[in-house]
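The values are calculated or read from the model by the stated rules, or taken from the named source; none is laboratory data. Worth saying up front: this structure is predicted, and the values here are computed from it rather than measured. Heads up, the Cβs are rebuilt from the backbone with ideal geometry, glycines too, and the neighbour counts pull from every protein chain shown.
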Amino acid sequence: MEALIYFLLGALLSLMLACIIVYVYLSKYDFRFQYFDFRKLFSGRFKPKQVAVYYDEWHNEYAKYYGNVIQAWRPASEDELNLYTLNQAGLTDGMRILDAGCGYAGPATYFAQHLHATIDAVTISLIQNTTAKDRIGSLNLKGSLNLICDDYNNWVAAAAADTYDRVLFLESFGYAENAESLAPKLYRAIKPGGELFIKDFFKLELPENSFDRNTHALAIKNMDKVYLYNTLNLYHTIYIFRKHKFELIQIKKPEYMFDEYKVVNGFQDNNQIDLYEGRPKFFIVEPLELRFKKPLQ
C-alpha cells in the first residue's frame, strides 16, 4: 500500500512538472496556438557552433553551386539579385548596414562597390570569412566593407545602441538562436527610423489532405535537418517584432523570375538530398520579404 502511494505521488509530481513545462512554453507565445510547434518543445534549435561546422564542411559544394551568394530563391544573375536587394531594402549612400549571416559576403561586397556606405558583413564560418577576404582584396570599393567572423546573435547583442540604418537577413534569419530574445537586441541596435529587412522562406499552411499534410511535415523536418535551419513561421515572426515595437511596413514576394534549376536542384541532386523521400513534391514554403521599421523617437 505504501509503495502504491509513493508511486501515485511520483506520477502526480511528474504530471505537474509536465504541465509547468507546457505552460511556460505556451506563455512564450502568449498562448497563440498558430505560432508554436509541439514537436520542437524539447528538440530546441541548432546551435551556432553546429552551423559554423556545417558551412565549413560544405564549403566546396556551396561555392560550386551558389557562387558568392548563398540564397536559394534567386534569378539567374547574381548581380540582378544583389541590385534588387539593394533597391528593395532601401540602401543608400551614407548608411551603416549590417548583413547578418552574410555567407561569402557576395551581396555585402556588391553594396560596397555601388554605395558610399559602411557595411558590416558577419558570418560564423571561418572558411566563408576567409574566402570573402581573399576575393575583395583586388576589388575597388566605394564604401567600407568590414568582414567579421562571429555569431551574429552575439554581434547584435554587443552592438552599441542606434548603430545601424539597416539590418539585413538574406535567407539567414532561421539561424537565430532565439528569435524572441534577438528581436529587442535588434531594436536597440537599429537607429530610430532605421529598418530591418528579412528575405527568407516561411512555412505554407498545412494541406487539408492527410497524406499531403504528412508529406509537408516530413519535408519541413528534413529541410531543417539537412540545412541545420529553423524554417520560419510567418505569423510568429511578425508577432515577435511587433511585440518588440517594430512597425511592419511591407510584406511581399520577391519580384523576379525564380531560376530553380540553376542552384537548388543542382545542389540537391548532386548531394542526393531528397526532402520528400520519394513522395510527390509540392511547395512547402514561400519566399517573402518583410520590412520592419523602428519608429522615430
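Taking the stated definitions as given, is Thr85 under 25 Å from Phe292 (Cβ atoms), out of contact with any helix residue (DSSP H, G or I) (no Cβ under 8 Å at 6 or more places or on another chain) and among the hydroxyl-bearing types (Ser, Thr, Tyr)?
no
Of these, Ala121, Ala112, Ala160, which one is at pLDDT 95 or above, surrounded by 15 or more Cβ atoms within 10 Å (Cβ to Cβ), among the aliphatic types (A, V, I, L, M) and out of contact with any helix residue (DSSP H, G or I) (no Cβ under 6 Å at 6 or more places or on another chain)?
Ala112
I need every pair where a residue in region 115-132 that is closer than 26 Å to Thr92 by Cβ has its Cβ under 6 Å from the Cβ of a residue that is of a type in the set (S, T, N, Q), sequence separation at least 6 or different chains.
Thr118/Ser144; Asp120/Asn146; Thr123/Asn129
Can you tell me which of Leu196, Leu186 is in contact (Cβ under 8 Å) with a residue 12 or more places away in the chain and not in a helix (DSSP H, G or I)?
On the way: Leu186 fails: not in a helix (DSSP H, G or I).
Leu196 is the lone residue from the list that is in contact (Cβ under 8 Å) with a residue 12 or more places away in the chain and not in a helix (DSSP H, G or I).
Does Lys262 satisfy the condition of being within 27 Å of Glu61 (Cα to Cα), in contact with a helix residue (DSSP H, G or I) (Cβ under 9 Å, 6 or more places away or on another chain) and either of a type in the set (Lys, Arg) or in a helix (DSSP H, G or I) (or both)?
yes
Can you confirm whether Ser138 is free of Cβ contacts under 8 Å to residues at least 12 places away in the same chain and within 23 Å of Asn60 (Cα to Cα)?
In short, yes.
From the list Ala76, Ala100, pick out the single residue that is at pLDDT below 95, among the hydrophobic types (A, V, I, L, M, F, W, C) and surrounded by 13 or more Cβ atoms within 10 Å (Cβ to Cβ).
From the options Ala76, Ala100, the qualifying one is Ala76.
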